[in-house]
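First up is the structure itself, then whatever we jot down about it.
Only the coordinates and a few stated rules stand behind these numbers; no lab work does. These numbers were taken from a predicted model, which means no experiment stands behind them. Every residue, glycine as well, gets a Cβ built from its backbone with ideal geometry; the counts of neighbours run over all protein chains shown.
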Amino acid sequence: MKSLDAESLCSALIEQMRPHVGPDTLLVGIHTGGVWLADRLHPALGLAAAPGSIDVSYYRDDFGSRGLNTKAKRTDIPFNVEGAHVIIVDDVLYTGRTTRAALNELFDFGRPAKVELAVLVDRGGRELPIAARYCAYTLPDPLPPQQILELQKNQDDSLTLRLIDA
Amino acid sequence: MRNPQLNKNGELQHLLTLDGLPRDILTAILDTAAPFTEVAEREVKKLPILRGKSIFNLFFENSTRTRTTFEIAAKRLSADVVNLNVSTSSTAKGESLLDTVDNLCAMQADMFVVRHAASGAPFLIAQHLFANGRNDIHVINAGDGRHAHPTQGLLDMYTIRHFKQDFTQLTVAIVGDVLHSRVARSQISALTTLGVPEVRVIGPKTLLPTEVERMGVRVFHDMREGLKDVDVVMMLRLQNERMNGALLPTPQEFYKVWGLTAEKLALARPDAIVMHPGPMNRGVEIDSAVADGAQAVILPQVTFGIAVRMAVMSMLAA
């Protein structure tokens with residue numbers, strides 16, 4: 001796999017989204033990579049409201065087998081989602097289960113008019129009927145399950161994509 | 001002997017008492033509770049954590065607040081809750097405690113929340129489940145006799161941590177009827193485990209257990225002396241219903257000597273918080289002006305109690 005430059009993918013994602021968002025569009029990042037990404041997208045797209053964040057730990061369908069995550073972050077939706085245009089932001093789209101969990105959690109806060117999904121990378125391997133509306137890069141071949149692709153935030157706030165062999 | 005509250009991996013299996021529970025488990029419960037406080041602000045106040053689980057509230061002794069907060073906590077975790085008012089049902093017809101438990105197990109119970117006037121009743125149920133190989137069923141002690149009330153102790157610790165952050169710098173006073181109080185025992189265990197350097201108990205000799213010093217506390221029989229420079233004042237309820245004989249003169253006289261008034265509270269640190277587990281006897285152990293005053297955190301205690309009970313239930317059954 002050729003190395004992926006998270007910073008240039010981030011810029012590409014911003015340009016992809018720009019024509020489709022208005023000042024009232026709301027971003028919700030999924031912990032942790034999606035929150036970092038949403039923090040980047042928000043000023044670049046000139047959105048009014050600060051992004052919200054979701055920790056999907058309690059909404060995952062594999063909750064029973066994984067057990068309780070005592071380090072779960074606080075879900076923080078600081079705006080009214082009722083009737084709003086919401087874009088869920090995540091770093092990497094894989095099985096789609098995280099996105100499903102985020103959708104379920106989001107709807108516990110109200111009924112948005114429209115929900116879209118923005119991701120930096122689509123790594124393939126979907127297990128649910130979910131697709132990203134905005135995606136900076138789709139891998140030509142799905143990654144094997146033993147590999148983990150994730151976003152990292154460096155000390156200077158720059159973003160890097162890292163591939164780990166589990 | 002193995003701690004009967006922990007399974008072989010050292011995880012919480014039942015919550016029966018805070019006595020002997022390691023600090024990392026106490027801290028994990030408080031940490032788990034923190035994100036649950038936000039659920040109350042949602043339009044749908046529910047998380048899907050205990051979907052499909054059946055929780056039985058077994059209250060052999062009356063309680064409104066504790067039963068209600070357990071019920072709300074279970075419902076916010078999407079569990080199915082069944083309330084048994086046992087005092088008016090089978091027990092009154094002569095069924096034994098363990099027969100009641102066996103019957104509820106046959107109804108696919110996943111968890112029992114037990115309040116009982118007899119100290120040790122929740123232990124008995126936990127032992128019975130263990131003997132029957134039912135490690136998939138969990139017991140939470142919601143108050144047994146004079147022994148323990150662990151979730152109250154935990155919500156008090158959550159409240160203290162919320163307002164004071166660091167346990168290791170605090171002086172905490174527990175005031176009143178310690179003798180009849182299961183809450184006080186749970187509070188003392190938890191405060192000591194979490195590293196509070198000075199725990200004081202303040203009360204008349206007749207309402208303090210003998211050898212209370214052995215629990216690692218400083219004893220005061222003078223309220224003014226005991227409240228001096230404390231960071232946290234934890235009032236206890238005067239337990240009229242548990243009192244036999246002449247331990248006390250009248251409630252009015254108790255108030256004069258042991259009631260928390262603004263004047264006595266002024267001896268504590270200016271930023272001291274005032275706690276009370278409820279139900280309050282205004283004008284007996286606490287003055288109305290203090291109970292409603294700026295230093296009181298009695299209603300936040302109730303709110304935090306829901307999050308803490310959610311944390312315990314999800315750690316046990318998820």
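See the values below:
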{"item": "Conditions (1) within 14 Å of another protein chain (Cβ to nearest Cβ); (2) at negative phi; number of the one not met by A:His85", "result": "(1)"}
{"item": "Selection from the range B:183-198 of residues that are without any contact (Cβ under 8 Å) to a residue 40 or more places away in the chain and surrounded by 22 or more Cβ atoms within 10 Å (Cβ to Cβ)", "result": "B:Ile188, B:Leu191, B:Val196"}
{"item": "Hits in the range A:11-36 (condition: in a helix (DSSP H, G or I), out of contact with any Gly (no Cβ under 6 Å at 6 or more places or on another chain) and crowded, with 19+ Cβ neighbours inside 10 Å)", "result": "A:Leu13, A:Met17, A:Gly33, A:Gly34, A:Trp36"}
{"item": "Criterion: farther than 22 Å from A:Leu163 by Cβ, surrounded by 18 or more Cβ atoms within 10 Å (Cβ to Cβ) and not hydrophobic (A, V, I, L, M, F, W, C) - qualifying residue of A:Arg123, A:Arg133, A:Arg100", "result": "A:Arg100"}
{"item": "One residue from B:Leu16, B:Leu97 being within 23 Å of B:Ile188 (Cα to Cα) and not polar (S, T, N, Q)", "result": "B:Leu16"}
{"item": "Given (1) in a helix (DSSP H, G or I); (2) away from every other protein chain (no Cβ under 14 Å), index of the condition A:Leu120 fails", "result": "(1)"}
{"item": "Counted residues, the range B:40-63 - those being part of a loop (DSSP other than H, G, I, E, B) and either in contact (Cβ under 8 Å) with a residue 40 or more places away in the chain or within 10 Å of chain A (Cβ to nearest Cβ) (or both)", "result": "15"}
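Here's the yes/no breakdown for (1) over 23 Å from B:Gln301 (Cα atoms); (2) among the polar types (S, T, N, Q); (3) surrounded by 15 or more Cβ atoms within 10 Å (Cβ to Cβ):
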position	(1), (2), (3)
B:Asn7	yes, yes, no
B:Asp19	no, no, yes
B:Ile29	no, no, yes
B:Thr37	no, yes, yes
B:Lys45	no, no, no
B:Ser54	yes, yes, yes
B:Glu61	no, no, yes
B:Thr66	no, yes, yes
B:Lys75	no, no, yes
